[in-house]
Amino acid sequence: MKHASHYNDLGFELTIDLNPSLRQITMENLGGLFNPSSPEMEAMAGLTYYTIAITVVILGIIVIAVAYIIIRYRKKPGDDSEPYQDFGNIKLEIVWTAIPIAMVAVLFLLTCSTMKTVDPPAGDREPDLVIIGHQWWWEIRYPSSGVSTSNEIHIPAGEKMLVRLESIDVIHDFWVPELGRKIDLVPGHPNYIWLVAGKPGVYLGACAEFCGEQHANMRIRVVAEPEDEFNKWQDEQLAIPRTPTEGIAGEGAKLFQTMACMNCHTIRGTAAAARVGPDLTHLADRATIGAGVLTNTPENLAKWLANPQRYKQGAFMPNMKLSDSEVKSIVAYLEALDEQ
Amino acid sequence: MANNKMLVGFFIASESIFFLMLILAYVNFHGSVTSGPTAVNSLNPVVTGIFSLFLFASSFTIWLAGKSLREKNHFMLKVWILATIALGAVFIFGQGLEWSGLIDKNITISRNVFGTTFFTLTGFHGFHVCVGLIMLSLLLGLALAGDFKGPKSDAVECISLYWHFVDGVWVVVFSVIYLWAFL
Amino acid sequence: MSSRIPLVPENTVPLPSLKANNGLLSWVSSVDHKQIGIMYLIITLIYFLLGGVEALLIRVQLAHPGNDFLTPELYNQLFTMHGTTMIFFVVMPFLIGVGVYLLPLMIGARDMAFPRLNALSFWLFFFGGILLYYSFFTQSGAPDVGWFAYAPLSEKPFSLNKGPTYWALGLLASGIGSVASGLNNVVTILTMRTPGMTMRRIPLFVWMMLVTSLLLVFVIPIITAAFAMMLLDSILGATFFTPAHGGSAILWQHFFWGFGHPEVYILILPAFGIISEVIPVFSRKPIYGYEFVAASTVAIGLLSLGVWAHHMFAVGLGNVTNAFFSLASMLIAIPTGVKVLNWVATMWGGRINFATPMLFGTAFIIEFVIGGLTGVAIASVPIDWVVTDSYFIVAHFHYAIFGGSVFAIFAGVYYWFPKFTGRMLSETLGKWHFWLTVIGFNMTFFIQHFLGVMGMPRRTYTYYDMPYWGPMNLISTIGAMILGLSVIVFVWNILVSLRHGKPAGDNPWNAWTLEWATTSPPAVENFELVPPVRGRRPLWDLAHPDMPDEPDAKIV
């Protein structure tokens, strides 16, 4: 999608170039409910539009009635007479009780049928994707292929993916507004949803359940690609990169192994296999750093490594107090992993 | 005044909801303990059952106290209040024994969800029994000072209502914790 | 009777006589329902200003994307405190306070059934609030886990600070006070009515307070138990809500919302009561369909007990559970709709005097209907999946609680201020207050419906620069500033009118319920003589002996 612009929270490197097409108010630019991009979301959007339309009509009737009353029954100056004392009318009460009952009945039936469309039973099917919520990033696993990544979900466009959602710490909520429903990631209570994107594109989302200090910076990118591109991406992710031994990247590899990095991160093909933080094997392939706080460029990666707390205060990645040259080496190493 | 009894009635209704929540929490976790202490492997229904009889008996004695007051038998009023206090105290003593036995076996509120829900539920009940004992003691003091002329006294009737309630809660708690586990 | 003070009064004990202007001590030691009511109102006004400042800070932070006006920590503390303050220390105690002041007057009683219990309720509320706000001065700062304090975020190891503990303790104390208020109100309404004031004749405000009070009695213990469990978790290491140790995160949500949703009706039903008093008086007509307005209140009270899981549609409870709670929640629209239509019908054919109370009363109908209609929409599970935890919900409940409860509260303040103080509030300042409120409120919140469906989540200290999000948030922030200005006008009006307001007389609005049958402010003993009650509008009957409401009623 076009509006994948990013800023960083300190105000520099603002990459919003609101391109001319974004200045027009179109459904696609408005996003979310206005741009449903999956059959599930279309069903929910349809129900929402329908319901909102009815409520607008009801509101309109009441507003018109009140406006009429204000004009017609306003007390005239000097008129101190008491109006006709009307205590009520049982027939009228029955009518305006019955009409809402009928409306509620219809809304409820539509509700049930839409629920069925959005959440069809999965049967015994194994999940295609496992999403695990962490404070404050998303661990993404593809059980059948073994791919492990974070914050960025690649899916083949048009295909129904069964997603299993878990949480390792607190409650999070998975929400990609254009693709479908919200679903909580509850510790000790795995949930399942269907994730579908009708056509290729990038769909942005975020954590929707308050999950602590950096709840605001727990973004999701869903990249829907044609089948062959998805397969290609998956193969690339599965490749185990060679560890550079020479040059500045080799320095970085050594630093990575000797400093605390490997206590939290995995880089396949090395001894680093911890799962506290994101898998960094193919970090350079991803679009953002820190679940969306920075665009993933070597410069930004260097800034991030120099002091993650500056960009994402409270995140569990500490300021490692790296020197400039150490930062450079580690950036070179992480970038080198993906070049092979 | 009917006000006092109505107040206590609604108060008891409110308290019932409070205990209902504690009981629901216990029931919710009843089947989920897979390791460590559970009701079956750490409680003794017979000993607790015997101590429970003291509490159940105290409901009877407080009723007798009220009956004595209605008959203007001031001596028996004091005797029956004293008996109620004694029976309640024996029950609390039994609960203390049970708790200290469990804690000696390192079964505590923080051990697992059984410990958590068991100690919370029985603890809040025990707390209510203690509050009841304090109120009964005040009642006894006032009775000794000759405050109750009879045949009616809102104080006696309200505290008696509360005491029946505390008793009734224990019937449910005992059934849920002990009878459910052992029957 | 012996000179000893008995444990429970055997007979009506004469209350200590109090002169209203006897210095601070006479207030602190007061058991007079009017003084206690006024204390509630003053304290809630202070909290309203505090909560308002918190809201403005939040809106400043959100004025443009990527703002660093507040740290994330402080932002999280502020939105937690804003919600907690406005719900538990503004709207709820205001309505309780107004109830405590008015109930005995409206039913022709001398005081509440239990004046000392009444004072206890107030002081529990007072110290509960202090306990909560004291957390700002501790090292760990105020609670930062939201007014709903979802486990396990609110517990160790995810919250190592003491904020949530202060939160739970403060609310526990004030909650017990609320139960005591509820008990007191119920007994007062059921037993202290003046002769002739049958349950079919009590003012609708009293009906709504009765249902609200029963909700307090039956619903607060749910959260009291949950707070106790949460405190046991945090202090003694119990494991109720910690999934890592066998506890359940979802159990907290059931308990919290089992209380939390009826709480919403605790916040709105007395507001309905205020509106049901104001609209007839200013329309110069009796309430249309008294029985239906009263019965629909009971229906709402009962239904409110069975709808809590509509806050949990995204938790994954399964479609059957979701469908049940969806239907139950939609059903609430029916009795609520009945009320709205009866208010409109009351205005129809009247001679409406649009003084400030009626302006707020009329605006209440529109604003509340907007909040109510979005409420019906989100009772539908799939719509909830779209909008829950987004700014749409923020807009929805502000329309219900600000556009509903707070508009009604303003109507009530302008209506009863003459009775409370003996002076009228300024109509000129009142109109300024009204229009600034309407403009500021709608500007702040209407646009948030759109932000929500466009994908902006709630409770985020910053947001991404998605198309239009920045300008839309800026509009909302400017609206909040206007709303802030309106509150300054309101407070100014109160301060000026207290000294220089027009003297009110006993019954400035020519109203019909018993509180207007005594002096303004009422004397310590409330009434010299309670007028005879032969219908729902005793003062109408007095003024129009030729056409009483119930011509066949016998004199009691």
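Every read-out reported here was derived from the displayed coordinates using simple, explicitly stated rules and does not represent laboratory data. All of these numbers come straight from a predicted model, not from anything done at the bench. Note that we place each Cβ from the backbone using ideal geometry, even for glycine, and neighbour counts take in every protein chain shown.
Side notes on the structure shown:
- q = 0.26 Å⁻¹: log10 I(q)/I(0) that the Debye formula gives for region B:134-178, counting C-alpha atoms only: -0.89
- Straight-line reach from A:LYS91: taking Cα to Cα under 18 Å and skipping same-chain neighbours fewer than 8 places apart, the lysines in range are C:LYS339.
- Rg/Rh (Cα only; Kirkwood hydrodynamic radius) as it applies to region A:83-172: 1.37
- Proportion of all alpha-carbon pairs of region C:143-185 beyond 13 Å (%): 56 percent
- Partner chain coverage, peptide A:167-176 - average Cβ within 10 angstrom: 5
- Using the Stokes-Einstein relation with a Kirkwood hydrodynamic radius computed over Cα pairs, the translational diffusion coefficient of region C:66-184 at 4 °C and a viscosity of 1.567 mPa s comes to 83 µm²/s.
- Mean-square fluctuations from a GNM of chain A, with a 10 angstrom spring cutoff on Cα atoms, peak among A:VAL57, A:VAL186, A:VAL66 at A:VAL66.
- Translational D in µm²/s for chain C (Stokes-Einstein at 25 °C, 0.890 mPa s, Kirkwood Rh from C-alpha pairs): 101 µm²/s
- With the Kirkwood sum run over all distinct C-alpha pairs, region A:77-232 has a hydrodynamic radius of 18.7 Å.
- Rg and Dmax of region A:201-268, Cα atoms only, in Å: 17.3, 45
- Cα-based equivalent ellipsoid of region B:87-132: semi-axis lengths in Å, sorted from largest, via gyration tensor: 20, 13, 5
- Here's the list of lysines a cross-link from A:LYS232 could span, going by alpha-carbon distance under 28 Å and ignoring same-chain residues fewer than 8 apart: A:LYS2, A:LYS160, A:LYS199.
- 20 Å Cα-Cα threshold exceeded, pairs from B:LYS5/B:LYS78; A:LYS182/C:LYS156; C:LYS285/C:LYS431; B:LYS5/B:LYS152: B:LYS5/B:LYS78; A:LYS182/C:LYS156; C:LYS285/C:LYS431
- Per-peptide average of other Cβ atoms within 10 Å, ordering C:487-498, A:195-206 highest first: A:195-206, C:487-498
- Debye-sum result for the protein assembly as shown in log10 I(q)/I(0), which assumes one identical scatterer on each alpha carbon, at q = 0.07, 0.08, 0.10 Å⁻¹: -0.71, -0.91, -1.30
- Across all directions, the shadow cast by the convex hull of region C:478-555 built on its C-alpha atoms averages 8.1 square nanometres.
- Only Cα sites of region C:381-420 enter the Debye sum here, all with the same form factor; the resulting log10 I(q)/I(0) across q = 0.15, 0.21, 0.35 1/Å is -0.49, -0.66, -0.99, listed in q order.
- Over region B:15-137, the alpha carbon radius of gyration divided by the compact-protein estimate 2.2 N^0.38 Å works out to 1.25.
- Normalised by residue number, the volume inside the convex hull of the Cα atoms of chain A is 209 Å³ per residue.
- When the convex hull of its Cα atoms is projected in every direction, mean area for region A:19-146 (nm²): 17.6 nm²
- Principal-axis tilt of helix C:319-331 within chain C, Cα atoms, nearest 10 degrees: 30 degrees
- Percent of Cα pairs exceeding the 19 Å cut-off, where the set is region C:123-221: 55 percent
- Of A:THR97, A:THR149, the sequence from fewest to most neighbouring Cβ atoms within 10 angstrom is A:THR97, A:THR149.
- All other residues whose Cβ lies under 10 angstrom from that of A:THR266 are scored, Lys and Arg at +1 and Asp and Glu at -1, for a net of +1.
- Distance distribution note for region B:65-173: the fraction of Cα pairs above 18 angstrom is 54%.
- For a paramagnetic label modelled on A:TYR192 (point 7 Å from Cα along Cα→Cβ), amide N atoms under 16 Å away belong, within region A:148-177, to A:160-166.
- Sorted peptide list for C:183-191, C:319-327, criterion being average Cβ within 10 angstrom, highest first: C:183-191, C:319-327
- Within the protein assembly as shown, antiparallel bridges make up roughly 75 percent of the DSSP beta bridges whose residues both belong there.
- Magnitude of the charge dipole for chain C, about its Cα centre and with charges confined to Cβ atoms of Lys, Arg (+1) and Asp, Glu (-1), is about 820 debye.
- For region C:379-492, the percent of C-alpha pairs falling in each 10 Å distance bin, counted from 0 to the bin holding the largest distance, reads 13, 38, 27, 15, 6, 0.
- Stokes-Einstein translational diffusion, region C:328-412 - Kirkwood Rh over all Cα pairs, 1.567 mPa s, 4 °C, in µm²/s: 94 µm²/s
- Global size of region C:201-264 as Cα Rg and Dmax, reported in angstrom: 15.9, 56
- Sorted ascending by nearby beta carbons within 10 Å, beginning with the fewest, C:TRP308, C:TRP385, C:TRP435 become C:TRP435, C:TRP308, C:TRP385.
- For C:ASN319 and A:ALA287, the FRET efficiency from 1/(1 + (r/R0)^6), where r spans their Cβ atoms and R0 equals 41 Å, is about 0.70.
- Region C:172-279 - Rg (one decimal) and Dmax (whole number), Cα, Å: 17.9, 61
- Nearest 10 degrees, 0 to 90: helix C:427-454 Cα axis against chain C principal axis: 30 degrees
- Burial ordering of C:TRP27, A:TRP138, fewest other beta-carbon atoms within 10 Å first: C:TRP27, A:TRP138
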